[in-house]
1. Using the basic label-point model (7 angstrom from Cα toward the beta carbon), what is the residue A:16 to residue B:895 distance in nanometres?
2. How much of the DSSP bridge set in chain B is antiparallel, in percent, rounded to the nearest 5?
3. Using 7 Å Cα-to-Cβ label points, what is the residue B:248/residue B:660 separation (nm, one decimal)?
4. On a 0 to 90 degree scale, rounded to 10, what angle separates helix B:819-848 from the longest Cα axis of chain B?
5. Roughly how many nanometres apart are two label points built 7 Å out from the Cα toward the Cβ at residue B:883 and residue B:839?
6. Under the classification rounded if a/c is under 1.5, otherwise prolate if a/b is larger than b/c and oblate if not, where does segment B:217-263 fall, given a ≥ b ≥ c as square roots of the Cα gyration tensor eigenvalues?
7. Using a Förster radius of 45 Å, what is the FRET efficiency between residue B:462 and residue B:213 based on their Cβ-Cβ separation? Nearest 0.05, please.
8. Kirkwood hydrodynamic radius, computed over distinct alpha-carbon pairs, for segment B:547-751: how many Å, to one decimal?
């Protein structure tokens, strides 16, 4: 049900949005805007998270119990919703990282073979 | 997606929606600020931030949808889990659903009636403006008198309170011209009746202003039921001529099926409406303030409350009293009283319905308590499951929600089952209700009933599920896991809670039982009342002599003609096979079957009492009346056939009247003279005249067992022959066959006269008691169910207690305790719970039964006998319920018991 509704845009690879968000939150609680900035900066502007996909995804993960949310004050004292990784989310992150590594390795070996 | 957002709207997730908006706005603002810092112009910064969101509404919707999807999924999981748990314990589930469905069903059924009778406004536009207008003559203690024509005109033209006001006079009418004469229920009103109510004809028209004539006018409007009955629902009925009491009328309209006259009628629903102005022959002329003969309904001016209108009317009445001192002597204490139309129709049924509603509420509460107990006992065995789930990281809140989902699911299933049962049995259930319960025809499945059923089901689920859910989820993990092997939990606290529940259950049942007990005592007292007549083996039937508009067409205009008719009828029916004795009386002579008609009187030679105008119920009867009813003669003589128009004007009085004025001896009354006020007999206004008392008879409780005995004055039928008559036959023959025989005899004398309402007096008396019996039976059933549930409850708890203490009991027995000691210990524990419950119940009853007061007869709401007896009964039953498990506990084999640990 989730995939169809989340509709990640091409900017971020299909299925990797959750991984990126979870990984970002591993460093500590953050609001949605902070998450986009972080991903953009760390990937040297290669990966761009579309706002239109980010928020549905965040709420979806919250409902799945991977992350929890809380209202707090942002750096410049604005009311913002901070997301935080839960125990379940940590497990999920480990799982997704493993999957991603497997996938990346698989893609790499295909590329090597083609050469 | 739109479906989801609609669902969101349905679930009123407003807060959620605002949260999402806030969150997105915060994002946009932060981006705009950064853009600004990066050197964009303010507009550009803002625009860019917005643009990145694309279609922001869509994003908002997507985001919100995620929240709802999550909620739905969690609930779905909970529901699936709950359904699985319920399926796993089919026995428990079945018992729970049956208990709850019984409780919810009773509530839905009573609510349906309460809704139709009390809550649903009358089916007219602005029903709150409709009122019934009564005259009160306070000093003669005569309330709810009808009104007179000049009073109606005053109210209409000068009071300034009413938009519309209208006389509504129920009347018997004979339809002739068909195969056989038929009696119909007619309602004579002013021409503004239908406009006042705001209703229109289904077919044809109602009255138009041109129909407002001083006398009767030709168009009549018929009811849907009569249209079907008499005309086979013929659409071409309009314009049909019908002969009503000898006069020709034209059917102008047919009312819609749902329309009913919002007021009292003679017998059943109104068959046809006739319009008249009450100001020309054949109405009593000349119009007089003292001749009050029709009920009045009005529609208040918009925005005027009943209380405000009443204040204005009080001033108006004071003004009229000054203006007409002769008509309204201070002694009469004349007042005009407004009663909201709905209240007037419903009458005293209100209290009864609320009492029943409270009773079913109690039953449901008891059912909930019982189930809570069951769940608590079960929670012991589930504590382990819960402890494990807590240990592996489930949130407590989530567990509670899940357990509540289970009980709410049970509640909803039971509610659905109850609703289905109630409405599939609707017609048979309604047959249980007394026929005179008003507005029963309006009982139907409506949205508000569905909503009520839905909410009460949910509430029930929460009510019985909350305590066990909290209890189960508070499980102390380590003890639960350790203790778990036997499926037991931390029992001390739970046990105390169980006992509290059982005690409250006993208290609730006691209150219900005492209520039922008080009603039963009242009913018993009522049956002890001697009505003053013997209703067994008496059959009655009614006849109505037509009353044509033109007296010249009236074959029974003179007293002699009418007297001759009654004499001939009496001669014929007395000779019918199986008839031992027969009599004829005016409609008001029928005990418990007529609205009392009270007339003022004065005893000659006594100073008229300025404080009070005495009134008595006046009826005319033939000589055999008292013999047929087996009412004794106390002094003097009964009427004879010689007491006719040629003879001296004579009357009989009853003991109540005799005692009031001749307190030494009843026989002192004989030969005294008495004046009766002017009376309206058919079209003729009989002037006030003087009568000689020739006899004193026993009291007849004509207004019912529970009414105070009003004084009665009897006139001789042959001196005052009525147009409407009741025939009394003392017989053992079948009333159905007898009815036919009477009909053929009457129609042999005059083929245009119908015979109707053939009934035995036993039936009339039992119909009179029907309302009380209905309330008594229902409350009795509810109380019995409550008693049963409470007994099951205490039995369950005691069984559970002793199973928990098998080990302890084993040790006691091993240490040398006697079985009788164990039994005493066991019963002692139960007795404590019972005692607490009974004391609380007695206290509750003392408070609650005050609301029953108006339904009681000759019994105080705090009747010690009832309280004592019921408390004793309940104590005995509940103690018995704990004796069984206690007895079982004493038979424990110490060895098994010790190994039990």
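All of the numbers you see were taken from the coordinates with simple rules; none came from a lab. In this text, all values refer to a predicted model and were calculated from it rather than measured experimentally. All Cβ positions, even for glycine, are placed from backbone atoms using ideal geometry, and neighbour counts span all protein chains on display.
1. 7.6
2. Around 80 percent of the beta bridges assigned by DSSP in chain B are antiparallel ones.
3. Using points 7 Å along Cα→Cβ, the separation is 5.0 nm.
4. 50
5. 2.4
6. Oblate is the answer for segment B:217-263, as a/c is 1.5 or above yet b/c matches or exceeds a/b.
7. On the way: r = 64 Å, r/R0 = 1.42.
The calculated FRET efficiency here is 0.10.
8. Mean inverse Cα-Cα distance, inverted, gives 17.8 Å.
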